[in-house]
Structures are given as structure tokens and as C-alpha cells.
1. Given the conditions (1) out of contact with any helix residue (DSSP H, G or I) (no Cβ under 7 Å at 6 or more places or on another chain); (2) touching a residue at least 24 places away in the same chain (Cβ under 8 Å); (3) not in a loop (DSSP other than H, G, I, E, B), which single one is not true for residue 68?
2. Suppose the filter is over 30 Å from residue 150 (Cα atoms), in a loop (DSSP other than H, G, I, E, B) and at pLDDT below 75; does residue 14 pass it?
3. Among the numbered criteria (1) under 30 Å from residue 52 (Cα atoms); (2) touching a residue at least 60 places away in the same chain (Cβ under 8 Å); (3) touching a strand residue (DSSP E or B) at 6+ places or on another chain (Cβ under 9 Å), which one does residue 74 miss?
4. For segment 45-78, what are the residues that are surrounded by fewer than 12 Cβ atoms within 10 Å (Cβ to Cβ) and either over 30 Å from residue 103 (Cβ atoms) or at pLDDT below 75 (or both)?
5. Check 135, 88, 161 and return the single one that is in contact with a strand residue (DSSP E or B) (Cβ under 9 Å, 6 or more places away or on another chain), more than 30 Å from residue 47 (Cα to Cα) and modelled with pLDDT under 95.
6. Could you grab me the full set of residues in segment 44-60 that are in contact (Cβ under 8 Å) with a residue 24 or more places away in the chain and either over 17 Å from residue 136 (Cβ atoms) or assigned to a strand (DSSP E or B) (or both)?
7. Just to verify a result, which residue in segment 79-90, among those that are under 30 Å from residue 137 (Cβ atoms) and surrounded by 13 or more Cβ atoms within 10 Å (Cβ to Cβ), is nearest to the chain's Cα centre (by Cα)?
8. Between 90, 114, which is out of contact with any helix residue (DSSP H, G or I) (no Cβ under 8 Å at 6 or more places or on another chain), in a strand (DSSP E or B) and at negative phi?
């Protein structure tokens, strides 16, 4: 025998047992499964908690198992993006769908919430970028590796008779040490 209870408005739970409604499950169920389609009818939109317990052949009930779920009237978001790297700047285009909010994590401890940010990296290297799209129903995270090159170009002028030449380094992430 299975007993399943649901509870709405998770933020206002009053008792551990819940104030839910019992749901009938067609019996017999010969094997345990992690996925079970339940005839829940028309639950209202919002956050819910389902509490499950099982009675064995000896009549003993298992411990209560709690799961949270959300009934939505729309799809969860899907994170999608394009980006273009130019020297140490990256131009991002957000192509996500069904998202209400966006969070960019640039992999260097900085973030932004604009739709299409432009990020300037101070140091060359690899950065793990995350685009997190959210709506009331769900979150979706897309991760990409961004590689910022160090030196992009070296321009060396001709040296004069005194042996001094001018060298211009174009790029980012260059650290000079004076000896």
C-alpha cells in the first residue's frame, strides 16, 4: 500500500504531516519504481510538496519521503548564447527562451544581469562562463569555456646606432618585470 499526500504553498507549512489530500494509486504495484504517473487531477499553480510512504507486507509503514515540485502554466527557460572574442573583450548575445531574469557569471568573480553584456577581461587565461536563465517555473544553466589570449601582436621598430629599439606589445595579460 502506498500513501501519497501533497501540500501547496511550501513556505507556509504548519505541520510535518502536511495538510494534503490523499491520492489513490492503482494496485497492485508489483515492483518499486522511481517514476510513477499519479492521477493528481487539477492541482493549482504554485509550489507543492509530495509526501510518500510505503506499507510493507507486515503492515509496517516506511519513513516519510518528501519531494518538492512546482505546477506551472509555462515552460522552464532554456539558456542559449553566442559570443564574439576581440582581444580581451567578449561580446555576448543572449538567445535564451522563456526566461524572466538572466545572470551572467564571467569566471573571474564578476557577474552581470544585462541581457547582452560586453565583458573586458583584465588578464589572459581560461574562464568558465555561466549563463543562468530563470523564470517562476525553473532555472537553466549553460556553461562555456572562454579563452582570452595574452599578446596579440608585437611591433618592433628599427634600432638606431645607439642599440636602442622600440618594441610595442599589443594585448592583455602582459606582466613586465624590471631587472
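The values are calculated or read from the model by the stated rules, or taken from the named source; none is laboratory data. These numbers come from a predicted model, not from an experiment. A quick note on method: Cβ atoms are made from the backbone with ideal geometry, for glycine too, and the neighbour counts reach across all protein chains shown.
1. All conditions are met except number (1).
2. Numbers: over 30 Å from residue 150 (Cα atoms): yes; in a loop (DSSP other than H, G, I, E, B): yes; at pLDDT below 75: yes.
When the stated conditions are applied, residue 14 passes them.
3. All conditions are met except number (3).
4. Those that are surrounded by fewer than 12 Cβ atoms within 10 Å (Cβ to Cβ) and either over 30 Å from residue 103 (Cβ atoms) or at pLDDT below 75 (or both): 56, 57, 58, 59, 60, 61, 63, 65.
5. Numbers: 135 fails: more than 30 Å from residue 47 (Cα to Cα); 161 fails: in contact with a strand residue (DSSP E or B) (Cβ under 9 Å, 6 or more places away or on another chain).
After ruling out the rest, the residue left standing is 88.
6. Taking segment 44-60 first, the residues in contact (Cβ under 8 Å) with a residue 24 or more places away in the chain are 44-55.
Correct list: 46, 47, 48, 49, 50, 51, 52, 53, 54, 55.
7. At the first step, the residues of segment 79-90 found to be under 30 Å from residue 137 (Cβ atoms) are 79-83, 90.
From the residues that got through so far, the ones that are surrounded by 13 or more Cβ atoms within 10 Å (Cβ to Cβ) too are 79-81, 83, 90.
On the way: 79: 8, 80: 12, 81: 13, 83: 18, 90: 20 Å.
Top of the filtered list is 79.
8. Values: 114 fails: in a strand (DSSP E or B).
Only one candidate passes the filter, namely 90.
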